[in-house]
1. Take Glu207 and tell me if it is within 18 Å of Asp160 (Cα to Cα), at pLDDT 95 or above and assigned to a helix (DSSP H, G or I).
2. Could you identify the single residue in Gly169, Gly154 that is of a type in the set (Gly, Ala, Ser), touching a Pro at 6+ places or on another chain (Cβ under 9 Å) and over 16 Å from Glu109 (Cα atoms)?
3. Test of understanding: among Thr271, Thr304, which residue is in contact with a helix residue (DSSP H, G or I) (Cβ under 7 Å, 6 or more places away or on another chain), on the phi < 0 side of the Ramachandran plot and modelled with pLDDT of 95 or more?
4. Yes or no: Arg28 surrounded by fewer than 21 Cβ atoms within 10 Å (Cβ to Cβ), at pLDDT 85 or above and touching a helix residue (DSSP H, G or I) at 6+ places or on another chain (Cβ under 9 Å)?
5. Does any residue of segment 99-114 turn out to be assigned to a helix (DSSP H, G or I), free of Cβ contacts under 8 Å to residues at least 40 places away in the same chain, farther than 23 Å from Arg76 by Cα and among the aliphatic types (A, V, I, L, M)?
6. Looking at this structure, is Ile295 crowded, with 18+ Cβ neighbours inside 10 Å and assigned to a strand (DSSP E or B)?
7. Taking the condition part of a helix (DSSP H, G or I), aromatic (Phe, Trp, Tyr) and surrounded by fewer than 22 Cβ atoms within 10 Å (Cβ to Cβ), does Tyr170 pass?
8. Among the candidates Tyr78, Tyr111, single out the residue that is crowded, with 18+ Cβ neighbours inside 10 Å, among the hydroxyl-bearing types (Ser, Thr, Tyr), under 30 Å from Val174 (Cβ atoms) and within 22 Å of the chain's Cα centre (by Cα).
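The values are calculated or read from the model by the stated rules, or taken from the named source; none is laboratory data. This is a predicted model, so every value here is computed, not measured. All Cβ positions, even for glycine, are placed from backbone atoms using ideal geometry, and neighbour counts span all protein chains on display.
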Amino acid sequence: MHTSPFPYSCDNKRYHTLNYHYRTVYGRKLFKAVLDCGFSCPNIDGSCGTGGCIFCDGGSGYFTTSGLSVTEQLAREYERISAKNGDVPVIAYYQANTNTYAPAERLRELYSEAAAFPHTAGISIGTRADCLPDEVMEVLCWLNKKTALTVELGLQSVHDTTIERINRGYPHSVFLEGYNRLKDKGIRVCLHIINGLPGEDGDMMAETARQAGLLHPDGVKLQMLHVIRGTRLAEMYEAGEISLLSREEYTDIIVKQLEVLPPETVIERITGDGDKKKLIAPMWSADKIAVLGGIDKRLAELDTWQGRLFRE
């Protein structure tokens, strides 16, 4: 029996899940097929910085297979996905590094290849807000007419003190400019927020979600900061320079963030998957089922839901 007070739900969830979005828009569940096309990042190659963000470990391509063509990667991903789920559509997900950081014609070729794959229902492109020059925007507008396009932007935080601390390479004002350019072109945008960044307390994390909500993003990804072996963040953690959230603290922060996000915004992720082979902390984040269950339980205990406290 469906008892959730939240309108964008087909089960007992009190937030707008990606599963609900897919079933509403496509009539069935979809799966993401991850891609690594060998992109770099301006915060790695020296264009705006070196070393990347302090938490970066090679562009977050944990589950990708580099060195293959887009078609070959999608074929492998489809074989993996269909083995468990049958003949299902996929979202081609350009995941690793900055996926608009290349000449426009090269991007057009790579995106066209994914759009032409027979099982592709849409394309999702992960990138930075400072990597959207006019010629790239033209390609994205072209692609948006060919398929269901989502551009994923790393917001992380709205606080410039945090942004400097994590070595992102550009201020919040640049993020806003890139976001608004995409929305003005009618492109679907999903924002990434990271909880537990160095120097931030719960009020700061809730404020990031509140300000993000005022932008009315199409989607939001919420996740815990992962300490991955080999990163600058790992050095800081092992030196005792930072502390991490407990699972209980993370749960309470997520609830507060959900409350101030618009109910129509799709929560595309509410916890994250770090590379378990390299994950140093927090180890509780590896138990995804427990994290998700804890969030559901806390929302029910407080009788609250996504958007309950959202105000323009």
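1. Here the answer is yes, as Glu207 does meet what is asked.
2. Of Gly169, Gly154, the one residue that is of a type in the set (Gly, Ala, Ser), touching a Pro at 6+ places or on another chain (Cβ under 9 Å) and over 16 Å from Glu109 (Cα atoms) is Gly169.
3. Thr304
4. Yes; evaluated as a whole, the condition is true for this residue.
5. Yes, the conditions are met somewhere in segment 99-114.
6. no
7. So Tyr170 does not fit the description; no.
8. Checking each option against the conditions leaves just Tyr111.
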